[in-house]
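The values are calculated or read from the model by the stated rules, or taken from the named source; none is laboratory data. This one's a predicted model, so the numbers in the text were calculated from it and none came from an experiment. No Cβ is skipped: glycine too gets one built from the backbone with ideal geometry, and neighbour counts run over all protein chains shown. Ligands, DNA and RNA are stripped out before the accessible areas are found, and what is left, the full protein with its side chains, is counted by its heavy atoms. Shrake-Rupley method; radii C 1.70, N 1.55, O 1.52, S 1.80 Å.
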Amino acid sequence: VYDGSTSSAGVPTITTGTLASGDTANFSQHYATATVGTGKTLIPTGSVTDGNAGNNYDVTFVNNTTGVITARAITVTADAKTQVYGEAAKALTYQVTSGSLASGDAFTGSLSRAPGSDVGTYAIGQGTLALNCNYDLTFVGANYVITTRPITVTAVTDTKVYDGSTSSAGVPTITTGT
C-alpha cells in the first residue's frame, strides 16, 4: 500500500549459490519509485557478514520487476453546517474519518454545496477536493441547513378617533432579532 516512500517489507533471497556456514546475509530491497502501480522495479542491496567485509563473495544483485504498490484508501466526511437565514455563510469543512495521508502529501481543492440562500437543506458535495493518484478517496457528504431567522414583532401604542375600521396608523416594531 502506498506510503510515500520507496521502502519494501520484502527481503531478497539468494537464488544462486549458498552462504558458507557461519556467514549471514544482510539484504534489503526498495522500490525504484514510490508511486502506485504494477510491474514496479524492486532493487536489492546489502552485504554478507563473513569476517572479511564481504570480500569472500562475488554478489550479483538482480532487480525484480513484479512489484506492486496499491492505492492508499482514505475517507473524508463533510461536517454538517447550520446557518441562520441572512447570516454570513459558514465555511465548509471536513474530517478524515478513515485512513491517513502519507507524510508530505496534502489535499487540494475545496468542498462545494448546492446553491441557495433561502431556508432549506442543501447538499455538501466533494467539489474539487482531491488527492494525487496514489490514493483511493471516498467522500461522505453532509447537509448545509439554513434555518429561519427568529424575530419578534410588537405592536406599538396607537389611538384614533372612531371611524368604524380596524386600521391603525402605528407601525409595529421588531423588538427581538434583527
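Side notes on the structure shown:
- Members of the stretch 11-48 that are of a type in the set (Val, Ile, Thr), exposed (fewer than 11 other Cβ atoms within 10 Å of the Cβ) and under 22 Å from residue 136 (Cα atoms): 38
- Look at (1) without any contact (Cβ under 8 Å) to a residue 24 or more places away in the chain; (2) in contact with a strand residue (DSSP E or B) (Cβ under 6 Å, 6 or more places away or on another chain) and you find that residue 55 fails only one, number (2).
- Count of the stretch 147-172 residues which are farther than 30 Å from residue 83 by Cα and either touching a residue at least 24 places away in the same chain (Cβ under 8 Å) or surrounded by 10 or more Cβ atoms within 10 Å (Cβ to Cβ) (or both): 5
- Test for residue 105: is it under 30 Å from residue 38 (Cβ atoms) and among the acidic types (Asp, Glu): yes
- Considered as a group, the residues in the stretch 130-161 that are outside any strand (DSSP E or B) and among the charged types (D, E, K, R) include one that is farthest from residue 89 (Cα to Cα), and that residue is 160.
- Among the candidates 174, 124, residue that is assigned to a strand (DSSP E or B) and either at pLDDT below 95 or out of contact with any strand residue (DSSP E or B) (no Cβ under 7 Å at 6 or more places or on another chain) (or both): 174
- Residue in the stretch 79-88 that is among the polar types (S, T, N, Q), under 25 Å from residue 134 (Cβ atoms) and either open to solvent by less than 70 Å² (accessible area, probe 1.4 Å) or touching a His at 6+ places or on another chain (Cβ under 7 Å) (or both) present: no
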